[in-house]
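Asker: I'd like to ask some things about the structure below.
All of the numbers you see were taken from the coordinates with simple rules; none came from a lab. Since we're looking at a predicted model, the values are computed, not measured. Methodologically, a virtual Cβ is constructed for each residue, glycine included, from the backbone with ideal geometry; neighbour enumeration extends over all protein chains shown.
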Amino acid sequence: MHILFLLASLLHAQSFPKNFKWCVATADHQIEGNDIHSDWWDWEKLDGKIKNNEHSGLATNHTKLYLKDIEIMKKLGIQTYRFSLSWSKIQPEQNKIDYTVLKNYQNFIELLLKNNIEPMITLHHFVNPQWFQAKGGWEMPDAPEIFLKYLKIIYPYIGKKTTLWTTFNEPMVLIGGGYIQGLMPPGKSGFQFEKPLVNILKTHAEIYQYLKAQARSEKREISIGFAHHIRFFQAQNPDNFLEKMISEKVNEIFNWAILDALANGRLKISIPFLISIDQDLPQIKKTQDYIGINYYTREFLYFSFRDFQFRRHFHPTNPRSDLDWEIYPTGLRQSMDEMKKRFPKVPLFITENGIADQTDKYRKKYIFEHLQVLQQAITQGLDILGYCHWSLMDNYEWIEGFGPRFGLYEVDYKTFNRKGRPSADYFRQIIEKNELIPIE
Ligand code: BGC
């Protein structure tokens, strides 16, 4: 790490590196509205899948209000905006591309750049077109090919000026939600997740090679990564052998299986009698220019004798969000250290971090404590490129519906008015000064 920065930070312990990227993140389905050709649109209509059966509908009406949203980004002073493209809107049928949608994204990217905001594009954030899911989704052997074909079509519109890319958002959340727990489309449960997982990894590698080749031919540098959701599971009773064993297994599969595969070129997952995956995937080695970390909280696992099942819960006494998620900044440092062990030379990027907090009671504290962890890690030599707060504004929180409020900006879902919460101004000041500001 840059010796000058180390010296400077000794003089001024609170500041961030000069080119640190301050960022906010969103996802298409959660903010745009009218995602009528997506698998989630269908899923939301099924009774009982979403809290209070809330449908994403117009979401935050971002498709109409994108100018307002660029304005609030400017107010915050961010350098980078992480957002995703709606595959289902761009390609509503397998043989149909909606060029109006594509050109709107192109125009949006131009506007961001004009306002000195660097676009960070997520190519896949949980959602698929209905036709893709109907054909078999990520389980299809030709899923990587289908996605690449799509990428090649959209690249000339959205790719040429984009330098920061996230291929897949939280592949293990997609697998866990869609194929293990059955909480997200396609709603499968059990342990038959080898095919979709392998196909997602293969697609990632192909995207990586394609985008890199494009950038080389255009003589520019780009940076590509995954956004990995990291969440540590701990035994509620550390002396309980079974709870310990299960938590370690969950961590191994949920947090580390993909990262180890990316480091070793080999995907290995096993749960005795349930699943045994051992696949060579040499093509996925060295396909991360940065390691994206989405970090929110940690969880505890315990064995419930009432129903003879393993259950999850959050810390009983520490401060918790509206979703009951514990505020646990130490976990962010643990995540980064684990990444460093596997990829000593690859920089990190915090691609998501935030809290559901309608009244803004804890958000400043949450931001302060997580940034403090980052700051300390940077001073100790970790290379961290940037920090994206989740989220710019309240949005549709998947199976939780509109309840949880993750926004720096509050959204009134009747008028679609956006109103900065006090923490938005706090984040703005941090960005402006490029240093950590203590909370009163
Ligand atoms: C996802 C977001 C989600 C956020 C809060 C992340 O897992 O990428 O889409 O809204 O967490 O739950």
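Condition check ((1) closer than 28 Å to LYS51 by Cα; (2) buried (at least 16 other Cβ atoms within 10 Å of the Cβ); (3) under 21 Å from the mean Cα position of the chain (by Cα)) across all residues:
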site: PRO129; (1), (2), (3): yes, yes, yes
site: ILE146; (1), (2), (3): no, yes, no
site: LYS160; (1), (2), (3): no, no, no
site: ILE175; (1), (2), (3): yes, yes, yes
site: GLY178; (1), (2), (3): yes, yes, yes
site: MET184; (1), (2), (3): yes, yes, yes
site: GLU194; (1), (2), (3): no, yes, no
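Asker: Working only within region 22-64, note down all residues that are hydrophobic (A, V, I, L, M, F, W, C) and over 18 Å from THR122 (Cβ atoms).
Answerer: Of region 22-64, the ones hydrophobic (A, V, I, L, M, F, W, C) are 22-25, 27, 31, 36, 40-41, 43, 46, 50, 58-59.
Result: ILE36, TRP41, TRP43, LEU46, ILE50, LEU58.
Asker: Here is a check on your reading of the model: is ARG298 within 21 Å of the chain's Cα centre (by Cα), within 16 Å of the ligand (Cβ to nearest atom) and free of Cβ contacts under 8 Å to residues at least 40 places away in the same chain? Talk me through it step by step, then tell me what you get.
Answerer: Details: within 21 Å of the chain's Cα centre (by Cα): yes; within 16 Å of the ligand (Cβ to nearest atom): yes; free of Cβ contacts under 8 Å to residues at least 40 places away in the same chain: no.
It is false that ARG298 is within 21 Å of the chain's Cα centre (by Cα), within 16 Å of the ligand (Cβ to nearest atom) and free of Cβ contacts under 8 Å to residues at least 40 places away in the same chain.
Asker: Here is a further query. So which residues in region 125-164 are among the aromatic types (Phe, Trp, Tyr) and either in a helix (DSSP H, G or I) or more than 16 Å from the ligand (Cβ to nearest atom) (or both), if there are any at all?
Answerer: Taking region 125-164 first, the residues among the aromatic types (Phe, Trp, Tyr) are 126, 131-132, 138, 147, 150, 155, 157.
TRP131, PHE132, TRP138, PHE147, TYR150, TYR155, TYR157 - these are the residues of region 125-164 that are among the aromatic types (Phe, Trp, Tyr) and either in a helix (DSSP H, G or I) or more than 16 Å from the ligand (Cβ to nearest atom) (or both).
Asker: May I pose another question? Working only within region 338-372, note down all residues that are under 21 Å from ASP260 (Cα atoms), part of a helix (DSSP H, G or I) and not acidic (Asp, Glu).
Answerer: MET339, LYS340, LYS341, ARG342
Asker: Consider region 412-428. How many of its residues are farther than 12 Å from ILE72 by Cα and either within 15 Å of the ligand (Cβ to nearest atom) or outside any loop (DSSP other than H, G, I, E, B) (or both)?
Answerer: 4
Asker: Further question on the same structure: Can you say whether THR63 is buried (at least 19 other Cβ atoms within 10 Å of the Cβ) and within 16 Å of the ligand (Cβ to nearest atom), as far as the supplied structure shows? Even if it seems obvious, please write down each step before you answer.
Answerer: Numbers: buried (at least 19 other Cβ atoms within 10 Å of the Cβ): yes; within 16 Å of the ligand (Cβ to nearest atom): no.
It is false that THR63 is buried (at least 19 other Cβ atoms within 10 Å of the Cβ) and within 16 Å of the ligand (Cβ to nearest atom).
Asker: Going by what's in this entry, would MET172 be described as of a type in the set (A, V, I, L, M, F, W, C), within 23 Å of GLN192 (Cα to Cα) and within 16 Å of the ligand (Cβ to nearest atom)? So that I can check it myself, show each step before the final result.
Answerer: Working: of a type in the set (A, V, I, L, M, F, W, C): yes; within 23 Å of GLN192 (Cα to Cα): yes; within 16 Å of the ligand (Cβ to nearest atom): yes.
Criteria met by MET172.
Asker: On to the next question. Determine, yes or no, whether LEU382 is within 16 Å of the ligand (Cβ to nearest atom), assigned to a loop (DSSP other than H, G, I, E, B) and surrounded by fewer than 18 Cβ atoms within 10 Å (Cβ to Cβ).
Answerer: Details: within 16 Å of the ligand (Cβ to nearest atom): no; assigned to a loop (DSSP other than H, G, I, E, B): yes; surrounded by fewer than 18 Cβ atoms within 10 Å (Cβ to Cβ): yes.
No.
Asker: For region 13-23, give me each residue that is in a loop (DSSP other than H, G, I, E, B) and small (Gly, Ala, Ser). Please lay out each step first, then the result.
Answerer: As a first pass, look at region 13-23 and keep what is in a loop (DSSP other than H, G, I, E, B): 13-14, 16-20.
Matches in region 13-23: ALA13 only.
Asker: Take ALA205 and decide whether it is free of Cβ contacts under 8 Å to residues at least 12 places away in the same chain and away from the ligand (no atom under 16 Å from the Cβ).
Answerer: Here the answer is no, as ALA205 does not meet what is asked.
Asker: Right, something else. When both residues are 6+ apart or on different chains and their Cβ atoms are under 6 Å apart, which pairs have a first residue that lies in region 132-145 and is among the hydrophobic types (A, V, I, L, M, F, W, C), and a second that is in a helix (DSSP H, G or I)?
Answerer: Qualifying pairs under 6 Å: TRP138/PRO196; TRP138/ASN199; TRP138/ILE200; ALA143/ASN199.
Asker: Does LEU374 qualify as being hydrophobic (A, V, I, L, M, F, W, C), touching a residue at least 24 places away in the same chain (Cβ under 8 Å) and touching a His at 6+ places or on another chain (Cβ under 7 Å)?
Answerer: no
Asker: So which residues in region 313-337 are in a loop (DSSP other than H, G, I, E, B) and more than 16 Å from the ligand (Cβ to nearest atom)? Spell out the reasoning first.
Answerer: Of all residues in region 313-337, those in a loop (DSSP other than H, G, I, E, B) come to 314-319, 321-325, 327-329.
HIS315, PRO316, THR317, ASN318, PRO319, PRO329, listed by residue number.
Asker: Same structure, new question: Scan region 164-180 and report the pairs whose first residue is of a type in the set (Asp, Glu) and whose second residue is near the ligand (Cβ under 10 Å from one of its atoms), with Cβ atoms within less than 8 Å and a gap of 6+ or a chain change.
Answerer: Here the result reads GLU170/PHE126; GLU170/ALA227; GLU170/HIS229; GLU170/ASN294, each pair linking region 164-180 to a residue that is near the ligand (Cβ under 10 Å from one of its atoms).
Asker: Assess whether MET184 counts as being part of a helix (DSSP H, G or I), within 16 Å of the ligand (Cβ to nearest atom) and closer than 30 Å to ILE399 by Cβ. Steps first, answer last, please.
Answerer: Numbers: part of a helix (DSSP H, G or I): no; within 16 Å of the ligand (Cβ to nearest atom): yes; closer than 30 Å to ILE399 by Cβ: yes.
It is false that MET184 is part of a helix (DSSP H, G or I), within 16 Å of the ligand (Cβ to nearest atom) and closer than 30 Å to ILE399 by Cβ.
Asker: Where residues in region 269-312 are among the aliphatic types (A, V, I, L, M) and outside any loop (DSSP other than H, G, I, E, B), which of them is farthest from LEU374 (Cα to Cα)? Walk me through it before giving the result.
Answerer: Kept after step one, since they are among the aliphatic types (A, V, I, L, M), are these residues of region 269-312: 269, 271, 274-275, 277, 281, 284, 291, 293, 301.
Next, only the ones that are outside any loop (DSSP other than H, G, I, E, B) stay: 269, 271, 275, 277, 284, 291, 293, 301.
Details: ILE269: 31, ILE271: 34, ILE275: 37, ILE277: 35, ILE284: 28, ILE291: 15, ILE293: 12, LEU301: 27 Å.
In this case the residue turns out to be ILE275.
Asker: Out of LEU436, LEU392, LEU374, LEU408, which single residue is in contact with a helix residue (DSSP H, G or I) (Cβ under 6 Å, 6 or more places away or on another chain), crowded, with 23+ Cβ neighbours inside 10 Å and of a type in the set (A, V, I, L, M, F, W, C)? Lay out the reasoning, then the answer.
Answerer: Numbers: LEU436 fails: crowded, with 23+ Cβ neighbours inside 10 Å; LEU392 fails: in contact with a helix residue (DSSP H, G or I) (Cβ under 6 Å, 6 or more places away or on another chain); LEU374 fails: in contact with a helix residue (DSSP H, G or I) (Cβ under 6 Å, 6 or more places away or on another chain).
Criteria check complete, one pass: LEU408.
Asker: Of the residues in region 24-38, how many are under 13 Å from the mean Cα position of the chain (by Cα) and either small (Gly, Ala, Ser) or part of a loop (DSSP other than H, G, I, E, B) (or both)?
Answerer: 3
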